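Enquirer: Let me give you the structure first, and then I'll get to my questions.
The values are calculated or read from the model by the stated rules, or taken from the named source; none is laboratory data. Just so we're clear, the structure is a prediction, and the values are computed from it rather than from any experiment. Here Cβ is always computed from backbone atoms with ideal geometry, including for glycine, and neighbour counts include all displayed protein chains.
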Amino acid sequence: MGRHEDFEAIERAARTRARIAKTVTYVLLALWALVVLFPFYWMILTSVKSYSAYNSEYVPKLYTLSPTLQNYLDAFTGVSLGRYFLNTIIFTVITTALMLAVIVFAAYAFARLNFAGKNLLFTLFLSLMMIPNELVIITNYVTITDLGLRNTFAGLILPSVTSVFYIYLLKENFEMVPEELYKAAKVDGTSDLKYLFKVMLPICQPTVVTIVILKVIECWNSYVWPRLITDDEAYFLVSNGIQEIRENGFGRENIPAMMAAVVVISLPLIVLFLIFHKKIMAGVSRGGTKG
């Protein structure tokens, strides 16, 4: 009887410790969520404050009693924000489509085809990841300028149509597909191209979707290269438009209007991430698993 009571006491103590640990974990996660989400809250809050109300606050307030949407109207009428959106959509769609075509064929070649010097070539290819982006940008700028492609969509798009990291990620996924499937397909007379599209891509769909989403986010947030390669407002992207908004649109002092523009620009990526965040995590974790 005494042993039974001791066992129950140990069990109760273990359950208590588990509850305490879970409570502490949730409290820490809640605090971390507040820290992470507060900048977004502040951005949205500022965007619905009027210019006069914002400037009259000597001590910033965490609320507003008179929200307004006028800043959002100004975001589209004060500058060509609609055109920036259209430019970004064109840039993102074309760049992502071209990059996907390049990395799929490159990853398949490294994963399944046998040719002389494949391993050496792939090692040299991976070594490109060690080159600082600043050096690549300088080289790309000189090349695009020499080709006369400044202030064109071609100049914006061409340097971004491939990615060593995405090729590596997709190659690792292709190699996870059993070799027996490839041999069976070849026995049946299936071509490499048909095997790629009918077998490999459907199996590796989570990683392909992840790469597409990450590339879309990368293109949408692209700032340095578009700012460097174009000074024509007709080719500005939304990220570069923020600077133009600050300099030639609302001015440096109209923070609420600028925040409204930032909210409008950020909203598509936030929605995209909320919809596909599970696929992103699944694809990345799949890419890191071998065997």
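Enquirer: For residues that are part of a helix (DSSP H, G or I) and modelled with pLDDT under 85, scanning just region 32-69, find the one that is surrounded by the fewest Cβ atoms within 10 Å (Cβ to Cβ). Spell out how you get there, then give the answer.
Expert: Taking region 32-69 as the starting set, the residues that turn out to be part of a helix (DSSP H, G or I) are 32-47, 51-55.
In the following step, the residues that additionally are modelled with pLDDT under 85 were identified as 51-55.
On the way: Y51: 17, S52: 8, A53: 16, Y54: 21, N55: 13.
Residue satisfying both the conditions and the ranking: S52.
Enquirer: Listed residues L156, L193; which is of a type in the set (A, V, I, L, M, F, W, C), over 15 Å from the mean Cα position of the chain (by Cα) and farther than 20 Å from P268 by Cβ?
Expert: L193 is the lone residue from the list that is of a type in the set (A, V, I, L, M, F, W, C), over 15 Å from the mean Cα position of the chain (by Cα) and farther than 20 Å from P268 by Cβ.
Enquirer: Of everything in region 70-94 that's crowded, with 20+ Cβ neighbours inside 10 Å and at pLDDT below 90, which residue is farthest from E233 (Cα to Cα)? Don't jump to the end; show me each part of the working.
Expert: Initial filter on region 70-94 (crowded, with 20+ Cβ neighbours inside 10 Å): 71, 74-75, 79, 81, 84, 87-88, 91-92.
Okay, now just the ones that are also at pLDDT below 90, so 71, 74-75, 79, 81, 84.
Values: N71: 22, D74: 18, A75: 16, V79: 10, L81: 11, Y84: 9 Å.
In this case the residue turns out to be N71.
Enquirer: A further question on this structure: Does A97 satisfy being in a helix (DSSP H, G or I), at pLDDT below 90 and either under 20 Å from I217 (Cβ atoms) or in contact with a helix residue (DSSP H, G or I) (Cβ under 6 Å, 6 or more places away or on another chain) (or both)? Let's see the steps before the verdict.
Expert: Values: in a helix (DSSP H, G or I): yes; at pLDDT below 90: no; either under 20 Å from I217 (Cβ atoms) or in contact with a helix residue (DSSP H, G or I) (Cβ under 6 Å, 6 or more places away or on another chain) (or both): yes.
Here the answer is no, as A97 does not meet what is asked.
Enquirer: Test V208 against the criterion of being in the same structural domain as N254 (by TED's automatic domain parsing), surrounded by 19 or more Cβ atoms within 10 Å (Cβ to Cβ) and touching a Ser or Thr at 6+ places or on another chain (Cβ under 8 Å), and give yes or no. Give the steps one after another, and end with the answer.
Expert: Numbers: in the same structural domain as N254 (by TED's automatic domain parsing): yes; surrounded by 19 or more Cβ atoms within 10 Å (Cβ to Cβ): yes; touching a Ser or Thr at 6+ places or on another chain (Cβ under 8 Å): no.
Against the criterion (in the same structural domain as N254 (by TED's automatic domain parsing), surrounded by 19 or more Cβ atoms within 10 Å (Cβ to Cβ) and touching a Ser or Thr at 6+ places or on another chain (Cβ under 8 Å)), V208 does not qualify.
Enquirer: Taking region 109-133 as the region of interest, how many residues are of a type in the set (A, V, I, L, M, F, W, C) and part of a loop (DSSP other than H, G, I, E, B)?
Expert: Result for region 109-133: 4.
Enquirer: Here is a follow-up. Going residue by residue through region 187-194, is there one that turns out to be in contact with a Phe, Trp or Tyr (Cβ under 7 Å, 6 or more places away or on another chain) and not basic (K, R)? Before the answer, list the steps.
Expert: Pass one, region 187-194, residues in contact with a Phe, Trp or Tyr (Cβ under 7 Å, 6 or more places away or on another chain): none.
No, the conditions are met nowhere in region 187-194.
Enquirer: Among the candidates Y182, Y235, which residue alone is touching a residue at least 40 places away in the same chain (Cβ under 8 Å), farther than 30 Å from L81 by Cα and crowded, with 18+ Cβ neighbours inside 10 Å?
Expert: Being touching a residue at least 40 places away in the same chain (Cβ under 8 Å), farther than 30 Å from L81 by Cα and crowded, with 18+ Cβ neighbours inside 10 Å holds for just one of Y182, Y235, which is Y182.
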